[in-house]
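First comes the structure, then the notes that go with it.
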Amino acid sequence: MSDPLQHALHSVAVHSPLLSALAVFCAASLLFVLIAVFVVLGLTRVRRVTWLQVARMVASLGIAGLLTLVLKHLVHDPRPFMVEHYAPLTHASSDNGFPSDHTLIAALLAGWVWWLDRRWLALFIVGVLLVMLGRLAIGAHHTLDVLGSLAFAGLGLALAALVLFSPAWERPVLPGRPPKKGTPT
């Protein structure tokens, strides 16, 4: 499979220790940073999180997960390091590369941030792009793999957003009055 973007990113990362380290961080660690930021964001807004938001997050994860489980058996895309016979820049699974789980989770997190607190959306979008580029640069995925993950996450988020819920779902998960405006949560 010819993948000029993946080849270019991997080539640049291999020839620069600094870019190699950056690619490894983006590919292997950045997702966990995004998860931690999301958890902190959720905890700071815990009294404002509604059952509707939680239901949509669960639904989008389920839809994207189901798409991933089904389509990974239909699309066979060996990982670049296996096809090109080189060692990846960091540990990468040797199973089917389609789709990228790291990219899928990062993209879902960005969608969930859209529902929770849009002020953080730009940070998460940049995070998704960096995770994608990192996965390509270390040799773990082809461009098709990361774009497929974006599509699955987008479809899961869109379908979850279209589900109609009764107004009762708008109540906060934690009982009690929400804090007054201007009061830290």
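Read-outs throughout are calculated quantities, based only on the coordinates presented, and are distinct from any laboratory measurement. All of these numbers come straight from a predicted model, not from anything done at the bench. Heads up, the Cβs are rebuilt from the backbone with ideal geometry, glycines too, and the neighbour counts pull from every protein chain shown.
For the chain, a Gaussian network of Cα nodes joined below 10 Å ranks 143, 50, 68 by mean-square fluctuation, and the top entry is 50.
What per residue convex hull volume, in Å³, do the alpha-carbon atoms of the chain yield?
Cα-based convex hull of the chain, divided per residue, equals 119 Å³.
Among 23, 107, 160, the largest mean-square fluctuation in a Gaussian network model of the chain (Cα springs under 10 Å) belongs to 160.
Once the C-beta distance of residue 18 and residue 86 is scaled by a Förster radius of 25 Å, the resulting FRET efficiency is 0.80 to the nearest 0.05. Ordered by the number of other Cβ atoms lying within 10 Å of each residue's own Cβ, fewest first, 171, 135 fall into the sequence 171, 135.
Full extension of the chain between residue 122 and residue 165 gives 12.7 nm of extra length, using 0.36 nm per residue less the Cα-Cα distance. For residue 50, the residues whose modelled amide H falls within less than 5 Å of its own, excluding neighbours fewer than 5 places apart on the same chain, are 173. Could you tell me the calculated FRET efficiency between residue 94 and residue 45, based on Cβ-Cβ distance and R0 = 41 angstrom, to the nearest 0.05? Between residue 94 and residue 45 the formula returns 0.55.
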